[in-house]
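Some notes on the structure that comes next.
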Amino acid sequence: GCSQGSQSASAAGGESGSSAGAASSQAAGEKNHKVILITMDSIDQHWVSVDKGCKKAVAELNNVDYKWLAPDKKDDAQQIERVNTAIADNADAILIAANGPDAITSALEDAKSKGIKIIYVDSAAKTEGEATFATNNEAAGKQAGEQMLEALQKAGKTSGKIGVVNVNSATASTVAREKGFRSAFDGKGYELLATQYSEGDAAKSQDIADNYITQGAVGLFGANEGCTVGVGNAIKGSGKSDLVGVGFDKSDSIYSLIKDGSLLCTMAQNPEVMGYEGMKAAVSILSGQTIENKDVDTGVSVLTKDKIS
Amino acid sequence: METKDRQNAWKRFMSIRGVGQVVTVTAGLIVLCIVFSMLSSSFYSERNVGNLLRQIAPILIIGIGQAYVLITGNIDLSIGSVVGMSCMISATLMTKGVAPFAATMITILICLGVGVLNGTLVAKCKVPPFIATLGTMTIARGVAQIVNNNYNTDAIGDSAQGFRNLFYYGKTLGLYNTIWIAVILFLAFDFLLGKTRTGRHIYAIGSNMEAAKLSGVNSVNTTVIVYVVSAFCACVVGLITCAIAGMGTMDAGNMYEMYAVAAAAIGGISTFGGEGLLVGTVVGASIWGVLQNGLQFAGAPVAIRNIVIGTIVVISVLLDVVIRKNKPRKKAKRVLPVQVGSAK
Amino acid sequence: METKDRQNAWKRFMSIRGVGQVVTVTAGLIVLCIVFSMLSSSFYSERNVGNLLRQIAPILIIGIGQAYVLITGNIDLSIGSVVGMSCMISATLMTKGVAPFAATMITILICLGVGVLNGTLVAKCKVPPFIATLGTMTIARGVAQIVNNNYNTDAIGDSAQGFRNLFYYGKTLGLYNTIWIAVILFLAFDFLLGKTRTGRHIYAIGSNMEAAKLSGVNSVNTTVIVYVVSAFCACVVGLITCAIAGMGTMDAGNMYEMYAVAAAAIGGISTFGGEGLLVGTVVGASIWGVLQNGLQFAGAPVAIRNIVIGTIVVISVLLDVVIRKNKPRKKAKRVLPVQVGSAK
Amino acid sequence: MGEYLVEMDRICKSFPGVKALDDVSFRLKSGEVLALLGENGAGKSTLMNVLSGVYQKDEGEIRLFGKTVEDLNPKKAQELGIAIIHQEMNLCRHLSVAENIFLGREESRCGVLQRKDMNRRAAEILARLNLDIDPAEAVGNLAVSKQQMVEIAKALSTDARILIMDEPTSALTMSEIDELFQIIRRLKGDGCGIVYISHRLEELQNIADRVQIMRDGRYIASMNFADTTMDEIIANMVGREITEKFPRISCPRGEKILEVRNLNAGKMVRDINFDLFAGEIVGIAGLLGAGRTETTRAIFGADPKDSGQILLDGREVVIRRPIDAIRGGIMLVPEDRRKDGLCIKLSVQSNISLPNLDMLSNRFGVIDRKKEKKLSEKSIQDLNIKLPSSTVNVATLSGGNQQKVVVAKWLARNSRVVMFDEPTRGIDVAAKVEIYNLMNELKKQGIGVLFVSSEMPEILGISDRILVMCDGKITGEMEIGEASQDLILKYATTFDTKSGLPEAI
Ligand SMILES: Nc1ncnc2c1ncn2[C@@H]1O[C@H](COP(=O)(O)OP(=O)(O)OP(=O)(O)O)[C@@H](O)[C@H]1O
Ligand SMILES: Nc1ncnc2c1ncn2[C@@H]1O[C@H](COP(=O)(O)OP(=O)(O)OP(=O)(O)O)[C@@H](O)[C@H]1O
Ligand SMILES: O[C@@H]1[C@H](O)[C@H](O)OC[C@H]1O
Ligand SMILES: [Mg+2]
Ligand SMILES: [Mg+2]
C-alpha cells in the first residue's frame, strides 16, 4: 500500500515522483524525513538521473517523504521560489543543484536558520552546506580539452580554430567547464574562437556549430547535454569525419553520436551517484549521525566509442 | 418597481468598466484557494501565506504597468527585458562600489528612458506598439547583457544588505517589505488612474484616441506616461529581483511581459483598451500566483501546471466574453439614431 | 503625360498592400549582406550560403504562418509551443517504435487541432487573439512536456535516418531539403493567399470583418483556416527540429512566435491586418537569419547582437511608417451636395 | 404593378433591452419604389436587416416571391435575389474595387481566381453607372462618394430582384444621385422592387411610388406617395406636428468676438479671413470637400497651421493644440460624432467632463468628483438629455441623446465661440429642431456661433450671415437678407482657374 498516515506524502506525480512504498513500513508514530530535491530545470536527462539516484536511496531507506521540485528552466528567481516553497512545506532537508553560487545563497541561509539541512548535488552555492556531491567541473573540462588536444595532435593538426558552444554565461558549472577546457590549450598554438551561447537548445547549438565549421574549425566543444547534441549533429551533418567533437553529459542521443564517430567522447558525470549519495547523506544527518566526507567528487568518466557497448 | 430598481443598480454596477469580470474572477480565486487548501495542508499555513503574498507582489507590480498600457489600447512587450536591465544595472553598480541608494536612482532613471522611448515610438512615430516594444525588448535584453560584459554579476556584497532587506528580506509590521511595496504602488497608481485627470485621459485615449485629442487631451504625453509607468514598475521588479538573488542575472524577467498581460487580462483589463479596473489586476495577479504556488504544493508536475494555467487564462476571458454577450450592445453606426419626444 | 502615367503606375505599384515595405527591406537585406561579406571572408562562401539558407528556412516557415494570422488582424502566440509539441510528439512516437511516416502524420493531426482550437476561440468564442493564444501557448507547452512524462526523449534511432534526411540532412538537386520544404510551402501558401478565393477572404476579414461577413464570407471558417495554416507551419518546423537533434526536446521552439512576428513585420505585413505580401516574409526571415549568422561570423557578442537586431526591427517598421506618412494625401475631391428642389 | 415580391408579417425582433421591431408587417411589389421612413431608431434598418438575413427574426413570417422562407442568412438572401446597400459603409479599404464588388462571390477556375475576368466585369458594371473608376484601384484610395458608388455597384452586380438601399445618397454628389435615380427607374422598369430609406425627404418626389412609415419599432402607416403630403408624412414619423422647421430668432449684433486673419493650413485651408460677432450665427456653406471641416480643425488646433492669426475679443491667441483653444473658450463640435466626438466605452459623465477636467481638478490633477457630478448633471438638465443616470455608458444612449452629450461637453464651460460642424447630418426632423434651438440659445447669450452645413435649407434658415467656401478659400460672404441658393452655389463653385475645373457639377 502507500502513504497511509502521512498527509503530505505522495500527492506527487511526474516531476516529484515519490518513491514507491516510501511511507509504507514506517514504524507507527515516527515521522518520516521530508527531503526535497531542487534542480536547475526539469529538462536535461542529467536531472532525471539525479532524481533516479534519489529514488533508489529512498526505496532502500524506507523512511523518507521525497519530492522533486524543478523550475521549468534555468532561472534564479524560480529556483529561489522553489526553496521558499520547500521551507513553507516544512522540509527537513533540501538537496539542491545551485544555478549559480550567489543568487540562491540568502534563500538557503534562510532555510538553514529554520533548521533545514542543505546538501548540494551537482553544483554548490556559497553558503556552507552539510555536504556536496558534485563533479569537479573545471577539472573535468580540462580533461575534455586534453582528450581533444590528443586527438588533434594524433591527426597531425597542431594548429587551427576551436569553437565552444556553452549554455549561457550565467550557469556556473558550465562556465567552469569552459574555463577548464580552454586551459588545456594554453600555449598549444590553437585559436579558440569566441564562445557562443545556445541556452542548451540542441537546434540552436547546431546552427552555431554549423557556423563554426564554416569558419574552418577543427574541433568543437559542447558544455552540456543540449550543446553536445548540437555539436555532434553538426559534425555528422557536415560529413567531415576529421572534425573532433567533445562534450559533456550522457544521453541516448549522445551515445549514438559517439557510436557513429561524430563525437570523439563525452565527459559522463555520475548524476545517479549524486542523487543516491546525497539522499543517503541527508538521512544520516537527519538521524543525528555525522558524515565523514563532506566534499565528494562524484567523478567523470570519459566515454569513448569503445566504452559504449 | 423597487426590486427592479435594485436589479438595475446591480446591473449597472456590474456593467461599469470591468466590474463584472472582477467579481467573476474573485469568485474563481476563492474557489482556487479552497481547492488548494484541501489538497495540501501546508498551503494555508501562516508561513505560506506570507510567502505566497510575496510571490504575488512582483507579478502584481508588472501587471499594474501592463494594465496602464493595455487601457490605452497598446501593449508593452519590453517589460521582462526592463526587469533584466534593472536587475543587471543596479547589481553592476553596487558591485562596482556605488552606494545602493545612488545605484537605485540611476537604474530607475535609465529604465524610465526605455519607457520614454517606447511611448515616443508608439505615439509620436506611430510604430505599431507590438513591433515597437518587441524591438525595445530585444534591445533592453542586450543592454542587460552588455552591462557587465555578458556575465552575471558577483554578489552585491554586505554593504547592500540594507538594499536587500528593503526590497525583499525585511519585514515591516509583520509583512514582508515586498508586499508593502506592491501595496503602495497599487494604491498610488490606482489613485492616479481612478481619481486624476491623467487617469481619465488614459481611459479616454484608449476608448477613442481621436475624440480624446479633440477634447484637448495630449495623446503623445499620455501615451508616454503609461509606458513610463510600465517601465517604472518593471524597474522596481528588477530591483526586487536583484535583492532576492543578491546579484545581477542577465535573463531575469524573461517572459514577465506575458505574465503581466495574463494578470491584467484575467483581471478584466480589456486588451482592446478603454476599460478595466486596476483592482482587477490584483485579483489576476493573485490567481496567477496562487496557481503557481498551489500547484507546487499539490505536487503537480510542470507540464500539468502549464496546462492548468493556460486553461484558466482562456476560461477567465471566455467567461467575461460570455457575460458581455448577454449584455445589451449598441451597434456602431455611422448615423446615430435619435429618439425625440418618445424617449421616456 | 506619359512619364506621369509611368510615375502613377510606379506609385500604384508601391502602394499595393505592402510592396513599398518589401522594396525598402530588400534594399536593407542587400546592404546587410554586403556589410557582412566585408566583415568576414567566410560569410560569402559557398558552404555558408547553403548553411545560411537552411538556417533561414524554419524562420521563414513560421513567418508564413504568422503572416497569415496577422493579415486577418489577429496574432498567434502559440507558434513556439506548437513547434515544441510537434518535436516532442513525433520523437516520442518514433522512440516508441512508431514508423516515421505514421509518427509524422499523427503529429500533424494533433498540431492542426491546436490551430482549430485557436481559430474557434478567436472567431467563434470571440476571445481576444492575444489572450486566446497566450492560453494555448501555455497549454501546448504543457503537452510538449507531458508527452514523454516531462523528459526529453531518447535518440529517435537509426530507423528514423530517412526522416532526419528528409527534413534536414539530405540534399536534393544540390540544395538542402529543409530549403526545399520552405520553398514549396512558400509557393503553396503564396498561391493560396494571392490567387484563391480563400486568400481573398483572408485579406477581406483583416480589412473589414463586418463587411466581409455581410458579403457572405464565412469569417469563422476563414479565421480557423489561418490558425490551422499557422499551426501546420509550426508543426513542420517542429519536425525539422526533431530531425536536427534526432531527439525530442521539450523547450524546442521557445520564443519562435516572436521571431515569426519579427520576420513578418519586417517584411511589411501590417500587424493591424488587411495588408502585406507573403514575399515580404521571405525578406523579413532572411534579414533575421542573416543577422544571426553574420553577427556570429563578425564575432559580435550576444549582447551587441540583441541590440543590433532590436534596432533593426524598429527601424524597418519606422521606415515604412515614414514612407506612408509622406505619401501624397488624396487631393480634395470637389463634389456638389444634392439639392433636389426644396422641401415642400 | 406586379405581384408581391416580399411579404413580411407580424415581425418582432428584440435586442437585449430594446424591442427594435414590434409586430411590423411589410409588403413590396415588383416594379415599385417603396420609401421606408421614420425617425432615427424607428427600426428601418433592423427591418431590412431581417429581410436580408443579417438578423434573425424572433417572430413572424417572411415570404419571398410567395414562398415562406426560414433561416435567412446574408448568403442565402443574396442567392434568393436580395441585395442590400447597408447604411454603414461596408467595404474593405485594402481590397480593390473589383475585389470588393465580387467579395464572397469570386469567380475561380480550378481554384484560381479569375482576376482579369472580374476586373473586366467590374469595369462593365461601373460603366453602366457612368463611373470613371479603375477596378484595380484600392477602395481606400477613393473619395467617400466614389466608395458609396462602389457599394451601389456591388449591389447591382448581383442582378437582384429586390434591392434595398439604406440611405444611399448621404455621401453622393449631385450628378451621382441623378445617375442613381436613373438606374432606379431602369430597375423598376425591369420589374425589380426597391426599398429606399432616406432622411432627405426632398428626394422622394423623384422616385417614390409608395411610402411606409415606422415609429418606435412599430408600423404606423403606408400610402401612395401621390396621395399624401410632406406634412402628413412628417407628422406620422414624429407622432406630432412640427410647427416650425427653422426657428429663427433675432438678436442685435454685438461686438466682435473672433477674428481669423490670413489662416493657412495644409492644402485645404488657404488664406482664410473672417470675423464673428456676438449675437449672430455665421453659416459656412460650400460643397463637400471645400475645406470647411479642415478650417474649423485648424482654428481649433486639431491640425497644424502654416500661418495666420486668431484674435479673440481683440487679443491674439496662440492655438497649437486643442487644449489651447479650449482654454481660450473656443469649442468645436466635430463632424463625425462616433469617430471624433465620443469615448464610447466611458460614462456620460466622463465624456462631458473630459474637456473640462482642468476646471474640475486641483493643481495636483485630482478630480473633484462632486464638482464633476454637479457639472455633468447641470448640462444634462440644460440640454434635456434623457438617461437613467449620468454614470451609464454613453453607448447605451439613443443616438440623439448621444449627440446631445457631444454638444454638452462643450457647453459645460464658459465659451466664447462654438463651432458646429454638420451637427444635423443623419438625424431626423425633430432632433434637428432641438439643435437649432440650442444654437439660438447660445446666440442669445452672446456667444459666437459658427455653423458648418452642407444642407442649403438649414444654412439659409438659421444663419444670420453666410460665408461660402470653395477649394480651401472663402469665396463669398453675404448677409442673410441678400442670400439665395443660386448665389451660394455661384460662390461655392468659384474655383481658382489654376487648380483646374471642378470635377463634377
Ligand atoms: N445590434 C443591435 N443591438 C442592440 N440594439 C440595436 C441593434 N441594432 C439596432 N438596435 C436598436 O434597435 C432600434 C432600431 O434601430 P434601427 O437601426 O433599425 O433604426 P433606424 O430606423 O434604421 O434608424 P436610423 O434612421 O438612425 O438609421 C434602436 O433603438 C437601436 O438602438
Ligand atoms: N486624412 C485625409 N486623407 C485624405 N484626404 C483627406 C483627409 N482629410 C480630409 N481630406 C480631404 O480633404 C478635403 C477637404 O475636407 P473637409 O472635410 O475640410 O471639407 P468640408 O468642406 O468640411 O467637406 P465635408 O462637408 O465633406 O466635411 C476632402 O475632400 C477630404 O476628402
Ligand atoms: O551538470 C549539469 C548538466 O550538465 C546540465 O545539463 O547543465 C547544467 C550542469 O550543471
Ligand atoms: Mg438605419
Ligand atoms: Mg466637413
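The values are calculated or read from the model by the stated rules, or taken from the named source; none is laboratory data. Bear in mind the structure is a predicted one, so any value in this text is a computation, not a measurement. No Cβ is skipped: glycine too gets one built from the backbone with ideal geometry, and neighbour counts run over all protein chains shown. Please note that ligands, DNA and RNA were not included when accessible areas were found on the heavy atoms of the full protein model with its side chains. Shrake-Rupley method; radii C 1.70, N 1.55, O 1.52, S 1.80 Å.
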Within the range D:454-479, restricting to residues that are under 18 Å from D:Phe277 (Cβ atoms) and open to solvent by 20 Å² or more (accessible area, probe 1.4 Å), the one that is nearest to the other protein chains (Cβ to nearest Cβ) is D:Ile474
Restricting the range D:326-336 to residues that are of a type outside the set (A, V, I, L, M, F, W, C) and in a helix (DSSP H, G or I), the one farthest from D:Val417 (Cα to Cα) turns out to be D:Arg327
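So which strands (runs of 3 or more DSSP E) stay within the range D:165-280 end to end and still have 1 or more residues that are modelled with pLDDT of 90 or more and within 30 Å of D:Ile299 (Cα to Cα)? Outline the logic, then answer.
Working: elements: D:193-197, D:210-215, D:218-224, D:256-265, D:269-277.
Filter on the range D:165-280 gives D:256-265, D:269-277.
Only one of D:Leu450, D:Leu397 is buried (at least 24 other Cβ atoms within 10 Å of the Cβ), under 24 Å from D:Ala42 (Cβ atoms) and within 20 Å of the chain's Cα centre (by Cα). Can you tell me which? Spell out how you get there, then give the answer.
Numbers: D:Leu450 fails: under 24 Å from D:Ala42 (Cβ atoms).
Checking each option against the conditions leaves just D:Leu397.
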So, first residue under 15 Å from B:Val290 (Cα atoms) in the range A:78-91, second residue in a helix (DSSP H, G or I), Cβ within less than 6 Å, six or more apart or across chains; the pairs are A:Asn84/B:Asn51; A:Thr85/B:Gln296; A:Ala88/B:Arg47; A:Ala88/B:Asn48; A:Ala88/B:Asn51
When restricted to B:Ala103, B:Ala140, the only residue open to solvent by less than 30 Å² (accessible area, probe 1.4 Å), modelled with pLDDT of 95 or more, touching a Ser or Thr at 6+ places or on another chain (Cβ under 8 Å) and facing another protein chain (nearest Cβ under 10 Å) is B:Ala140
In the range B:92-112, anything in contact (Cβ under 8 Å) with a residue 40 or more places away in the chain and closer than 21 Å to B:Val224 by Cβ is listed as B:Thr107, B:Ile108, B:Cys111, B:Leu112
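Do we have any residue at all in the range C:207-229 that's under 24 Å from A:Ile235 (Cα atoms) and either free of Cβ contacts under 8 Å to residues at least 12 places away in the same chain or more than 7 Å from every other protein chain (Cβ to nearest Cβ) (or both)? Lay out the reasoning, then the answer.
The first filter runs over the range C:207-229 and keeps only residues under 24 Å from A:Ile235 (Cα atoms), leaving none.
No: zero hits.
Out of the residues in the range D:205-221 meeting the condition of being more than 16 Å from D:Asn236 (Cα to Cα) and open to solvent by less than 30 Å² (accessible area, probe 1.4 Å), tell me which one is farthest from ligand 1 (Cβ to nearest atom). Lay out the reasoning, then the answer.
Of all residues in the range D:205-221, those more than 16 Å from D:Asn236 (Cα to Cα) come to D:205-209.
From what's left, open to solvent by less than 30 Å² (accessible area, probe 1.4 Å): D:207-208.
Working: D:Ile207: 18, D:Ala208: 17 Å.
If we take residues in the range D:205-221 being more than 16 Å from D:Asn236 (Cα to Cα) and open to solvent by less than 30 Å² (accessible area, probe 1.4 Å), then D:Ile207 is farthest from ligand 1 (Cβ to nearest atom).
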Do we find a residue being open to solvent by less than 40 Å² (accessible area, probe 1.4 Å), closer than 24 Å to A:Ile254 by Cα and modelled with pLDDT of 90 or more anywhere in the range A:32-43?
yes
For helices (runs of 4 or more DSSP H) lying entirely in the range C:25-133, having 2 or more residues that are closer than 30 Å to C:Val283 by Cβ and over 23 Å from the mean Cα position of the chain (by Cα) picks out C:46-71
When every residue in the range D:31-56 that is open to solvent by 10 Å² or more (accessible area, probe 1.4 Å) and in contact with a Lys or Arg (Cβ under 7 Å, 6 or more places away or on another chain) is compared, the one nearest to ligand 1 (Cβ to nearest atom) is D:Thr46
When C:Thr133 is run through (1) open to solvent by 20 Å² or more (accessible area, probe 1.4 Å); (2) β-branched (Val, Ile, Thr); (3) within 11 Å of chain B (Cβ to nearest Cβ), the failure sits at (1)
Selection from the range D:337-364 of residues open to solvent by 10 Å² or more (accessible area, probe 1.4 Å), facing chain B (nearest Cβ under 8 Å) and in a loop (DSSP other than H, G, I, E, B) yields D:Ile344, D:Lys345, D:Phe364
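Would you say B:Ile240 is assigned to a helix (DSSP H, G or I), within 14 Å of chain A (Cβ to nearest Cβ) and either open to solvent by 10 Å² or more (accessible area, probe 1.4 Å) or not acidic (Asp, Glu) (or both)?
Details: assigned to a helix (DSSP H, G or I): yes; within 14 Å of chain A (Cβ to nearest Cβ): yes; either open to solvent by 10 Å² or more (accessible area, probe 1.4 Å) or not acidic (Asp, Glu) (or both): yes.
Considered against the rule, which asks whether it is assigned to a helix (DSSP H, G or I), within 14 Å of chain A (Cβ to nearest Cβ) and either open to solvent by 10 Å² or more (accessible area, probe 1.4 Å) or not acidic (Asp, Glu) (or both), B:Ile240 comes out as yes.
Filter the range B:305-323 down to the residues that are among the hydrophobic types (A, V, I, L, M, F, W, C), in contact with a helix residue (DSSP H, G or I) (Cβ under 7 Å, 6 or more places away or on another chain) and either within 14 Å of chain A (Cβ to nearest Cβ) or open to solvent by 20 Å² or more (accessible area, probe 1.4 Å) (or both) and list them by number. Don't jump to the end; show me each part of the working.
The initial filter retains those residues of the range B:305-323 that are among the hydrophobic types (A, V, I, L, M, F, W, C), namely B:307-309, B:312-315, B:317-319, B:321-323.
Then keep just the ones that are in contact with a helix residue (DSSP H, G or I) (Cβ under 7 Å, 6 or more places away or on another chain); that gives B:307-309, B:312-314, B:317, B:319, B:323.
The answer is B:Ile307, B:Val308, B:Ile309, B:Ile312, B:Leu319, B:Ile323.
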Across (1) within 19 Å of B:Ile202 (Cβ to Cβ); (2) at pLDDT 90 or above, D:Lys345 clears everything bar (2)
Scanning the range D:431-448 for residues that are small (Gly, Ala, Ser) and more than 16 Å from ligand 4 (Cβ to nearest atom), the one nearest to D:Gly283 (Cα to Cα) turns out to be D:Gly448
Given the conditions (1) of a type outside the set (Lys, Arg); (2) open to solvent by 40 Å² or more (accessible area, probe 1.4 Å); (3) more than 16 Å from ligand 5 (Cβ to nearest atom), every one holds for D:Val144 apart from (3)
Condition set β-branched (Val, Ile, Thr) and within 18 Å of B:Val321 (Cα to Cα), scope the range B:243-282, selection surrounded by the most Cβ atoms within 10 Å (Cβ to Cβ): answer is B:Thr281
Going through the range A:214-256 in order, the residues found to be over 17 Å from C:Thr153 (Cα atoms), part of a helix (DSSP H, G or I) and not aliphatic (A, V, I, L, M) are A:Thr214, A:Lys236, A:Gly237, A:Ser238
Scanning the range D:321-335 residue by residue, those out of contact with any Pro (no Cβ under 7 Å at 6 or more places or on another chain), within 16 Å of ligand 2 (Cβ to nearest atom) and more than 8 Å from chain B (Cβ to nearest Cβ) turn out to be D:Glu335
